[in-house]
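K.L.:
Handing you a structure now.
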Amino acid sequence: MSDRLRGNFSPAPGSFEAEMLALMPALRRYSRSLSHTDADGEDLLQDCVEKALANRRQWRGTGLKSWAYTIMTNLYRNRHRFERRHPSESLEDHENIMGGDVLGDTLENDRLHGALALLSPDMRAVLILVTVEGYSYQEAAETMSIPVGTVMSRLSRARETLRQHLATNNIIPLRRPK
């Protein structure tokens, strides 16, 4: 029996598979930032990795991170378009029907998730790419196939929306430095 069948497969260092494995934490963060639920984020991540592996011959040998992020962004946009055209109800929307004790996130996580939910998917994607993943404006623009100016304006609007939402829901009012 081969190592792959036994589950003992480990990719060769420097191989396409090894580089994809190294990208998994960053791809997972990005997929969850685009999606509204962890389950949707995991599905998006799985679809992205599957598509990248299936199309590895199209990769040119440089910029694997940008290439993978572009795949994920396009998958998300296609899925989002499809869902707008064919709306459905999610079971997660009705998970509290039984009235059972559901452990929630902390207050801060709830506030942050609420603020992020106010952002459009495109603004949220730009915010995550630039602030969390450390992409330059140019890299984010290339990943999302938009002009650099659009990245800058979306990022500015996203930050302002978050600032306003978090300031209005703050127990202790934020003071501006003098």
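Read-outs: derived from the displayed coordinates by stated rules, not from any lab. Please read these numbers as outputs of a predicted model, since none were measured by experiment. Glycine gets a Cβ as well: all are built from the backbone with ideal geometry, and neighbour counts include every protein chain shown.
K.L.:
Just in region 16-74: which chymotrypsin sites (Phe, Trp or Tyr not before Pro) are loop by DSSP and have at most 16 other Cβ atoms within 10 Å?
P.N.:
Within region 16-74, the qualifying chymotrypsin sites (Phe, Trp or Tyr not before Pro) (loop, at most 16 other Cβ atoms within 10 Å) are Trp59.
K.L.:
Let me ask another. Around Ala54, under 15 Å between beta carbons, what's the net of Lys plus Arg minus Asp minus Glu among the other residues?
P.N.:
Working: positive: Lys51, Arg56, Arg57; negative: Glu17, Asp47, Glu50.
Once positives and negatives cancel, what remains is 0.
K.L.:
Take the Cβ-Cβ distance between Arg81 and Leu107 as r, set R0 to 35 Å, and report the resulting FRET efficiency rounded to the nearest 0.05.
P.N.:
0.55
K.L.:
Set the Förster distance to 25 Å, then compute FRET efficiency between Val148 and Leu118 from the Cβ-Cβ distance, nearest 0.05.
P.N.:
About 0.55, to the nearest 0.05.
K.L.:
If I model a spin label as a point 7 Å beyond the Cα along the Cα-Cβ vector, how far apart are those points for Ser136 and Glu19 in nm?
P.N.:
Once both label points are built, they end up 1.9 nm from each other.
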